[in-house]
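Below is one structure, written out as structure tokens, with a few remarks after it.
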Amino acid sequence: MTSHPYTSLPERSFWRSAVAQRDPLDIADLRTPKWPIEQDAPVITTGSCFAGHIGRALLEEGMHWYNAEPPPPGLTTAQQSARGYRRFSFRTGNIYTAAALRQWTAWTLGSRTPPDEVWEEDGRFYDPYWPTVEPGGFALLEIGAAGGGRAARGRGRPRRLLPVVRDRHLPAAATRPPSPRG
């Protein structure tokens, strides 16, 4: 047999021998974690629509999902959902790129200031980086204009869990398409 870089790898390194030819209940040891995640270790979630389910799954497994922005008292479950509560560790909306995550982290840590940009449509005001925080937008420009800054600076609680991100003056990355209605 010809020698190549894969000849010395264990069976778990190959799809066929590690997964396809095994009973699903016998699949094990596919990867070796670099470090364990302890049951009580705080885990922050952010990302796409798929990632929005991870926090709930962590809680169901008895893990510590870190919720930096719990809903205020008095909101119904439907109102909480419509405003993005309990979806991610903090209410950013979907984050599709590393640049957007870095941007939100920099805003959270205070190394960058969110833009003051506000969108207006049909007399309602929207924060382009947090457009779904208030379904139907804000009635007053002052509330809409304060949204981005308040949103980012209000996320100081995850500071101890997030790495410090250096500001390299990247352009702002919107979390949604350029329309308040997405």
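The values are calculated or read from the model by the stated rules, or taken from the named source; none is laboratory data. Everything numeric in this text was worked out from a predicted model, so none of it was measured. All Cβ positions, glycine included, derive from the backbone under ideal geometry; neighbour counts span all protein chains shown. These area figures cover heavy atoms from the full protein model, side chains too; ligands, DNA and RNA do not enter into them. Shrake-Rupley method; radii C 1.70, N 1.55, O 1.52, S 1.80 Å.
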*Counting other Cβ atoms within 10 Å, keep those with at most 15, restrict to DSSP loop, and tell me which chymotrypsin sites (Phe, Trp or Tyr not before Pro) in region 1-108 are left.*
TYR6, PHE14, PHE50, TYR96
*Using a basic spin-label model with each label point 7 Å from the Cα along Cα→Cβ, how many nm lie between TRP15 and ILE27?*
1.2
*Distance in nm between label sites at ALA98 and TRP35, each 7 Å beyond Cα in the beta-carbon direction?*
1.9
*Grab the eigenvalues of the alpha-carbon gyration tensor for region 15-59, scale each by 5, take roots, and send me the semi-axes largest first in whole angstrom.*
27, 15, 10
_Could you tell me what a quarter of the Cα convex hull surface of region 7-87 works out to, in nm² with one decimal place?_
8.3
*asked:* How far apart, in nanometres, would the label points at GLN79 and ASP116 be if each is projected 7 angstrom from Cα along the Cα-to-Cβ direction?
replied: 3.1
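Within the accessible area of region 1-102, what % is carbon and sulfur when the probe is 1.4 Å and the other protein chains stay in place?
On region 1-102, the fraction of accessible area on carbon and sulfur atoms equals 58 percent.
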*Using only Cα atoms, what Kirkwood radius does region 1-141 have, in angstroms?*
19.1
*Counting only heavy atoms of the protein chains, get the accessible area per residue of region 1-146 (1.4 Å probe) and round it to a whole Å² value.*
64
